1. Quick check, is A281 on the phi < 0 side of the Ramachandran plot, more than 23 Å from the chain's Cα centre (by Cα), surrounded by 13 or more Cβ atoms within 10 Å (Cβ to Cβ) and assigned to a helix (DSSP H, G or I)?
2. Just the residues that are out of contact with any Phe, Trp or Tyr (no Cβ under 6 Å at 6 or more places or on another chain) and either of a type in the set (D, E) or part of a helix (DSSP H, G or I) (or both), please, taken from segment 172-181.
3. Could you list, in sequence order, all residues of segment 136-163 that are under 13 Å from D113 (Cα atoms) and in a strand (DSSP E or B)?
4. Go through segment 234-269 residue by residue and tally those that are β-branched (V, I, T) and exposed (fewer than 15 other Cβ atoms within 10 Å of the Cβ).
5. Sort out which residues of segment 182-215 are over 11 Å from I139 (Cβ atoms) and either part of a loop (DSSP other than H, G, I, E, B) or touching a strand residue (DSSP E or B) at 6+ places or on another chain (Cβ under 6 Å) (or both), and write them in order of number.
6. Of the conditions (1) more than 30 Å from G181 (Cα to Cα); (2) not in a loop (DSSP other than H, G, I, E, B), S35 satisfies every one except a single condition; which number is it?
7. Can you find even one residue in segment 288-297 that is outside any loop (DSSP other than H, G, I, E, B), surrounded by 14 or more Cβ atoms within 10 Å (Cβ to Cβ) and either of a type in the set (D, E, K, R) or in contact with a Ser or Thr (Cβ under 6 Å, 6 or more places away or on another chain) (or both)?
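Readers should treat all values here as calculations from the given coordinates under stated rules, not as data from a laboratory. It should be emphasised that the depicted structure is a prediction, and the values quoted were computed from it without experimental measurement. Every residue, glycine as well, gets a Cβ built from its backbone with ideal geometry; the counts of neighbours run over all protein chains shown.
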Amino acid sequence: MVVQAASRSPLNQFSRFETADVDEAREIVARHFCSHRLERMSSSDRFDARQNRVDGCRVSLNYIRYGADVTIEPGELSEFFLIQIPIAGSARIENGCQSVFSTPKMGAILNPDRHTSMRWHAGCEQMLLQIEQSYMQEIATRMAGRSVGKVRFRPDFNLEKSEGEGWTQALRGVFRAAEEGNSFRTLDQRQQYLEEGLVMSLLNSQPNTISPLLERGDSGAAPAILKRALSLMHERLDEDISLLEICGHAGTTPRNLQIIFKKELGCSPIQYLQRARMKFARHLLLSDNGNHSIAEIADRSGHRHFGRFSVAYKKQFGETPRETKQGRTFG
């Protein structure tokens with residue numbers, strides 16, 4: 001069986017190799033990603049491997065095909081996230097305990113701290129975005145406004161939903177800009193902003209362990225009083241804090257703060273604080289690796305009464321804290 005690759009692949013002028021030799025393909029791809037096992041699953045189809053790649057400051061753009069039906073097993077990626085967007089064919093991706101059947105309608109996100117194995121079927125061609133794990137953590141921390149645990153994404157990335165479709169269109173635009181020489185040439189501040197925007201939009205588009213921390217009311221146009229109040233709340237989600245302390249930090253009276261919160265966010269300051277603490281608790285449950293009990297997580301998110309915490313958590317999220325922790329939604 002002979003599989004014809006696309007006549008012109010993405011990043012065509014940035015070819016790193018093109019080979020019919022499995023060992024050569026494995027060796028060169030490993031230089032750019034990590035050591036892995038690469039094996040052909042059939043001798044009847046044509047092994048026709050190619051990688052195109054261009055490096056940025058903290059991310060890289062890639063195009064890869066193997067032509068033939070192959071298995072790839074890198075284990076844990078450790079140092080980077082890898083977002084895979086098929087442009088032809090299909091692949092079966094295992095990342096941790098989750099499996100994704102990847103097609104041009106369904107991408108995959110490989111979390112670096114989860115064991116990965118893949119089977120790329122004959123004719124599979126993919127665009128890949130490689131993001132340094134440390135950079136993802138840095139951007140996530142800045143977006144959340146506080147330190148966060150390990151970032152972990154839901155591996156199945158639906159490219160037909162509006163968020164996934166919009167992000168993929170943006171990624172294709174970045175590929176085109178690189179091909180046209182408008183990006184990934186000079187690693188300057190403009191390039192840094194491009195990469196930062198791409199990573200930020202991914203964190204906003206695909207469910208991940210810090211998603212609960214990003215679901216804040218928009219205070220962009222709010223008065224300075226509201227901004228100061230929100231800043232203190234999010235800095236002290238794990239601490240006991242009174243309405244008077246919030247007012248003192250914000251420089252206003254309780255009545256005025258109540259009016260501002262109702263007008264701008266549709267709730268009282270204490271209601272907002274309770275919801276923010278619940279979202280922080282959900283983040284901790286999703287990102288915990290079995291190191292903390294649910295009671296400890298409740299306390300770390302500012303909840304001092306475990307029974308009331310469990311009831312309120314289920315009311316807000318539709319599942320118990322234990323179900324969130326055991327479900328391991330993100331692999």
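1. On the way: on the phi < 0 side of the Ramachandran plot: yes; more than 23 Å from the chain's Cα centre (by Cα): no; surrounded by 13 or more Cβ atoms within 10 Å (Cβ to Cβ): yes; assigned to a helix (DSSP H, G or I): yes.
So A281 fails the test.
2. Of the residues in segment 172-181, the ones out of contact with any Phe, Trp or Tyr (no Cβ under 6 Å at 6 or more places or on another chain) are 172-177, 179-181.
Selection gives R172, G173, V174, F175, R176, A177, E179, E180.
3. F153
4. At the first step, the residues of segment 234-269 found to be β-branched (V, I, T) are 241, 246, 252-253, 259-260.
In the following step, the residues that additionally are exposed (fewer than 15 other Cβ atoms within 10 Å of the Cβ) were identified as 253, 259.
So the answer is 2.
5. N182, S183, F184, R185, T186, L187, D188, Q206, P207, N208, T209, E215
6. (2)
7. So the first thing to find is which residues in segment 288-297 are outside any loop (DSSP other than H, G, I, E, B), and the list is 294-297.
Those left that are additionally surrounded by 14 or more Cβ atoms within 10 Å (Cβ to Cβ): 294, 297.
Keeping just the survivors that are either of a type in the set (D, E, K, R) or in contact with a Ser or Thr (Cβ under 6 Å, 6 or more places away or on another chain) (or both) gives none.
Within segment 288-297, not a single residue is outside any loop (DSSP other than H, G, I, E, B), surrounded by 14 or more Cβ atoms within 10 Å (Cβ to Cβ) and either of a type in the set (D, E, K, R) or in contact with a Ser or Thr (Cβ under 6 Å, 6 or more places away or on another chain) (or both).
Condition check ((1) among the hydroxyl-bearing types (S, T, Y); (2) more than 13 Å from L226 (Cα to Cα)) across all residues:
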{"position": "T252", "(1), (2)": "yes, no"}
{"position": "F261", "(1), (2)": "no, no"}
{"position": "E264", "(1), (2)": "no, no"}
{"position": "F280", "(1), (2)": "no, yes"}
{"position": "L284", "(1), (2)": "no, yes"}
{"position": "N291", "(1), (2)": "no, yes"}
{"position": "I294", "(1), (2)": "no, yes"}
{"position": "S301", "(1), (2)": "yes, yes"}
